[in-house]
Every structure is written in structure tokens, then in C-alpha cells.
1. B:V118 accessible area, nearest 10 Å², 1.4 Å probe?
2. Could you state the number of Å between the C-alpha centres of segment A:192-243 and segment A:305-333?
3. Counting other Cβ atoms within 10 Å, which trypsin sites (Lys or Arg not before Pro) in segment B:90-161 have at most 14 and lie in a DSSP loop?
4. For all pairs of alpha-carbon atoms in chain A, what percent lies in each bin of width 20 Å, listed from the first bin to the last filled one?
5. Explain nothing, just the number: relative contact order of chain B, from Cα pairs under 8 Å at least 6 residues apart, as a whole percent.
6. For segment B:32-119, which GluC sites (Glu not before Pro) pass both filters: DSSP loop (anything but H, G, I, E, B) and at most 13 other C-beta atoms within 10 Å?
7. Once the dipole of chain B is set up with Lys and Arg at +1 and Asp and Glu at -1 on Cβ about the Cα centre, which of B:A167, B:T45, B:L185 lies farthest towards its positive end?
8. Excluding same-chain residues fewer than 8 positions from B:K228, which lysines have a Cα within less than 25 Å of its Cα?
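The values are calculated or read from the model by the stated rules, or taken from the named source; none is laboratory data. Here the structure is a predicted model, which is why all the values come from computation and not from measurement. Here Cβ is always computed from backbone atoms with ideal geometry, including for glycine, and neighbour counts include all displayed protein chains. Accessible surface areas use protein heavy atoms only, side chains included; no ligands, DNA or RNA. Shrake-Rupley method; radii C 1.70, N 1.55, O 1.52, S 1.80 Å.
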2 protein chains.
Amino acid sequence: MTTRDQIARLDAADPLARFRERFVIDDPETIYLDGNSLGRLPTSTRDRVQQLVGEWGTRLITAWDVWIDLPTRVGDALAAAALGARPGEVIVSDSTTVNLFKLAWAATDGAREGQAIVTDRGNFPTDRYVLDGVARRRGLELRQFDADPIEGPRPEDVAEACGDGQAALVSLSHVSYRSGALADLERITAMARDHGARVLWDLSHSVGAVPIRLKEACAELAVGCTYKYLNAGPGAPAFLFLDHELQRQLATPIQGWFGQRDQFAMERDYDPEPGIRAFLAGTPPVLDLTAVECGVELLAEAGIEGCARKATALTSLIVDLHDEWLAPLGFELGTPRDPARRGGHVSLRHPQAWQITRAMIESARVIPDFRGPDSIRLGVPPLYTRFADVYEALDRVRALVAGGEHERFDPTPARIT
Amino acid sequence: MTTRDQIARLDAADPLARFRERFVIDDPETIYLDGNSLGRLPTSTRDRVQQLVGEWGTRLITAWDVWIDLPTRVGDALAAAALGARPGEVIVSDSTTVNLFKLAWAATDGAREGQAIVTDRGNFPTDRYVLDGVARRRGLELRQFDADPIEGPRPEDVAEACGDGQAALVSLSHVSYRSGALADLERITAMARDHGARVLWDLSHSVGAVPIRLKEACAELAVGCTYKYLNAGPGAPAFLFLDHELQRQLATPIQGWFGQRDQFAMERDYDPEPGIRAFLAGTPPVLDLTAVECGVELLAEAGIEGCARKATALTSLIVDLHDEWLAPLGFELGTPRDPARRGGHVSLRHPQAWQITRAMIESARVIPDFRGPDSIRLGVPPLYTRFADVYEALDRVRALVAGGEHERFDPTPARIT
């Protein structure tokens, strides 16, 4: 039996505990377990965005001397803090969707008609839609394999999907948005490359929650989101990683002026920068990009190894409490039991998941995330989630389901973000 | 001779004068004539961005119930305030570059190999780069015609460029970024369509400065920037206009989840929204998008007709003072003399333009914009520019050039935004 005393000791011993006060938390009664959809607001971001708006107001156009390098400056900081990549390999600009499009298109430039783009049917929707669009327009096949709904895509799934030698590109999520399963990035990359395919990773649900070592894993292409574990705010621009070597071989389909060599010598024809900047497109959204910078700074200060250790401890606590309290109430674990195979969130399945989600929010002041048809996701971003939050949240869930409180809510899912 | 008294009367009679106090202007000694590159900060934006950051901090994921419709809500407001378009025809999201890419690609879906994308060699760089990228990847010719450097592209230029019937798409800027020439949107659209080509307009340098009547002109495709005359701040997201009829025929190449019908029913294959939302891609940057909303609200309150009248009066004053004071000092007008053929900025040409620009900024506290090799652009956004600002700025330029002050500055242009 897990006790409140044990939990208090875990929080007291937590080296990251002091980071909680770096976030705006105005309602301590509500337990927020959806930071894997939208991370909390860092106090530094609140201040820096205001400062940046002031710079716009007073320095006007001349402030572009500082802003112009934001996409590469923030990219380099992110590469070092969270991605295991080198300077000059990461930019931050545009959405994950647009960046996926750029890289998926560029990576299939040499593909022959009839080759395939491979992904799994459980991959995040925008990934599947983008890949479908690229495949259609290039005369390629979109090959979607079925991965295990809990364990996610495994190396052997990829080997099988690439087995006929016709795969041009494999694109997968590092952590499954639904089950939270962590894919074996290194082995899958090696396996796909053995079959002659390039590999494009979506790190949206892993960056900031698990250590990522792109160079060590010989990864070549990746994108990811900044508004989850990087706490960069709603719709903040995404990142794009492209290995140094490959920068010489791949060309972006969206040829924009931020990717032009000598950008302000405006009379010339398209002549892209030789490095990662070529994959920039238009003018980046500076307010939102500044928020990314703040989020990356916080992560760098805390250190990704410590964050990942704490995320594992928190998800393990969810699994333990699920087994003790929730399994007897009809819940099932929708996430791998092996901590080494998980990201920073856990999925709990229940036939009345929608009603329980509504009751958690409206009666119990616990904010999870519903994913149809039957999953409740609990995200535990390590910078501000306490062990006591997890304990208290699951205790409230136990009480409300045991008491039938959720049955007061409409069983038909409404639109939910 | 123009006198200070005349100028004072113009400002006293200006119905838009009261809008100046709606902007942050902390240094009244500096005259800002570069709002056509980056508009000033509205006080409402300063407050609303702060409020929005607060909403993120307190409402967290639940605030998406309001944010989710921002791209179409702001688009509809912009359509009514400035574009002469209908509800459901405009979205705000992504950069001008990315939006140009989407529409240029979509509009050439039916093009036959060997057909051409037509633009003018003086078009804004990112437009030419994007079109070049689309043309290459589609096996189309990029046909760049030479327009008059002052008058810009004329209907007869377009007719000639399309004369062989091989043009699939014509893409032009409504107002030339360099000379400020206003193209005849209605006649050029009609002429290109007579030749079987679609027409894609870039309204970046015209929106908010001249009345635009897209529906009246039977325009079908347009994009544009919000950080110039719409005062939405550095890198704020751009807009995309697609005529209702054409929404049924064209498909975006970037198939993202914000364009998916029933976005949060996540298991399904790509199934785009039937309307303009299909051209959304990823999650929009909410802080910057909120700034667009504020800018559009200000314009709507002031009214585009009055803004355009005042812009014309201001650019006419620049032309008059140029003739009186600057032409004798070696300046030449780089903008059409006919007020009906201009946008909201005037280009003055001088062999020492770079040195004069530096002297204006560093000695005279006037901020213009340099465009190589020999142009100084003076932008006069009507919501905050006074007639006295123009008079005083040109008086300072006259004094510094007459006194040789500019010759103290290095004649070699540095990188400039």
C-alpha cells in the first residue's frame, strides 16, 4: 500500500521540486495533468513576452537585429538541452505540421514511383495526414502498419513493413500520443536504414520528458512540438532537426526568404543558405518564439536527465496506484508497464472514460485529457508535477468512480481539444 | 511653397488624428516612417497579449475552446474590414511564404508540363523563391517578366507574358515593395483569366493602406502579411484568401490536422473540412494571432476608406516636398506620381541612398527603410502618421543632405532588415 507519508518523502527528496515555483500556479486546488497537451506558463515567459512587446513598441524595426537569429539561436539551445544534436542542426519556426511536410517532401526527393512512405496507423493524426498528402502528390504508396495499441511500433514491425525494399521513408512518433509508449529510436533508425529507407521522427510527445540522443542514434530527420513538455505556450513554433551531412543533400520544397543566402540582397534569384537555415521559410512569429526560448532555458537549467528520472518515477506511481485503486473499478492500463518503454504520460482505459473525464474536471478538479474512445491520459511534466499531485488526483478519481459520481454526466463525447 | 501652417491645418482637420494615441509612442522626437516594414504597437495589443498570457496560465488547456476558432474569426474580421471578401473566405495562420506555397501549389494542380508560372522580376523575393520552388517541382516554367521599375506590372505586361496561352498561374504583388506602385488588380485578374491562367495576389504591401475589393474584382486567390499596415507585430501570422467557389476545387498540399473535418475524432484518415479551414495546417501561434486580432479591430474601427484617403494625402505631401526640397539635391521620385497608382509608401532614389539612410537614423532621428541599391522608402501608415511628421522628416532630410552630413557615413551598405 502506498501511503501519504511515502509520497511526502518523495517530494521532499525531489531535486527538481524548486522548479515548481518558476511556473504560474494560481489555483493550487486544481491538479493539472494535461501538460502533455499544453504545458504551464513559466513566470519567466510571462515577463519576457511583456518585455518583448515593449521592445517592439520602442525599438520598432531596429529590434530585428536581435530577433533575426531567434530561430537558430533557440534551435541551438534546444539541440544542446534536449535533443543530443549539434549546433547548426536545429531551427525553431513554423508548426510541427509544416516542418513535417518540408522534411517528408525533401526526404522523398529521390524516391521512385511505387515506393512507399511507411508509418503506423496509430501515429498522431497530423503526421498521417501530412504523409498521405506527400505520398499522393509524389505517386508513392502510404503504407500504414498496425502497431500494438499499447506497446507502439517495434523494430520488427518496421522491418516487416520495409521488407520488400520499397520503403523510401519511415516516419514515426518517438512517444505514442495515445499510449505513451516510447519507440526504440536507435534500433528502428538502424533497421529502416538497413532497408534503404530514410527515417523522420516526430519528437512532439517525447522532447523534454525523455533523453533524446539524435546524433548517437544516427538519426537524420526529426521535428517536434514545443508547447508540451517545453512549456512554450499555445501554438508556439515547432522545431526541425536535419543532420549536418544531409543538409548538403536535401532541399526544402518551401523556398522562403528566411532560407535565402544574404537575405536582404533582394534582387537575386533563389540561392539557399548552405546550412540548416535553408529550411526556414517566412518571417517567424517572434512573440511565440520568445516563449520557446524561455521554455528551453528552463529545461536546460533543470537538466533533461533529472527531468526524465522524475517523469519515470511519476508515471511509475500512476501505474502503482492504478493497480491498487483503479483496476478493481474497471480500469485497465493503456501504457507499457516497463518504465524504460514509456514517455511522460500514462493512459488509463475505462468503458466510461468520457464520463469519468468530465467528472474529474467538473467534480474533482483534476484536469486530464480524453482520447476517444476509452482513454484518459495523465501527463506528469516533471518541472511542476509533485508526487502528491499524482496521489491526490488518483485518490479523487477512485472516490468519484467508486461513488458513481461520473454517471451523472452525459455519456456522449463532445468536441474536446 | 508648403508651409507649417498648412500642415497644422491638415492635422487639425484629420478625422483619424485621434487614433495616434491608440499606439505606444514613447519617443516623440523620433519620426518613424517604416511602419510599412513593421507597424507600431497598438496599446490594445500590449494589454491583450498580457491578458492572453494570463489566460494560458490560469485556464490552461481549457482556453482552447476560445483559441480554436481564432484563425477563422480573425480571418472573417479581416475579410470585412479590409479585403472585400465574404465570411468563410479568409484564414489567418502560418507565414505569407507558407500560405503562398499552399495556394501556388494548389492552383497549379491541373497544370500541364511545360506550362508557366508568371511573375515579375521585381516581385518581392520570397514570392519569387516560392514560385520558383513550385515551378521546379511541378515541371513548370518560371516566367519572370520585366515590369517598369517605377510603374510596376501593368495589364499589358501580363497579357504579353500570358500571350502564348501557356500560363497556368500569374502571381503578383498588389503594391510593389520597392516603388509602392499599385497594380490594377481587377483588370490584371480579368486579363490573366482571359488567357486561361489563375491569379494569386500578394496583398502584403497594400492591405490596410488601400481599399481592396476582392469579390468585386472576381479575385480568387490571395495572401498577405499582417505586420505592416495591420500593426500585428513581428512575424505575426499571415492571411490566406480563397474564393468560395474555388474551395470546392483546390486542395492544400500541406494536409494538417487543423484542416481536418471533426479534428478531434482522431482515428480517421485524412478528410478535409469542406471550406476554407482545409487550408489551415498545424496549431496556430496564439500569442501572435491575438495581436493580429487587435490590429484588425483597430482598422475596422477607423475604416479602410478613411485610412486610404489619408494615406494618399500623406504620400502626396511627400511627393510635393520632394519636388520642392529634395529634387534640387539629387533625389528622384521612385514612385508613380498619380495618387491612384500608389500604396502607402513612397520611394525616393538617390545615388547616396545608403549614407542618407544612415544619417537620417543616426543624426536626424528619422527611421526610413533602405532598399538597395539606391532607394529610401518612406511609409506613412495612416493610423499614426501625422502630416507634421512628414513635413518635419523631409525638412530634416533636406537639411542633412544640403549640409553634407550623410557623407560622414560609410558608403558600403551593411545587412539591414
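1. Taking all protein chains as shown, B:V118 has close to 0 Å².
2. Cα centroid of segment A:305-333 versus Cα centroid of segment A:192-243: 25 Å apart.
3. B:R112, B:R121
4. 27, 55, 18, 0
5. Reported as a whole number, the value is 22 percent.
6. Answer in residue order: B:E113.
7. B:T45
8. B:K102, B:K215, B:K310
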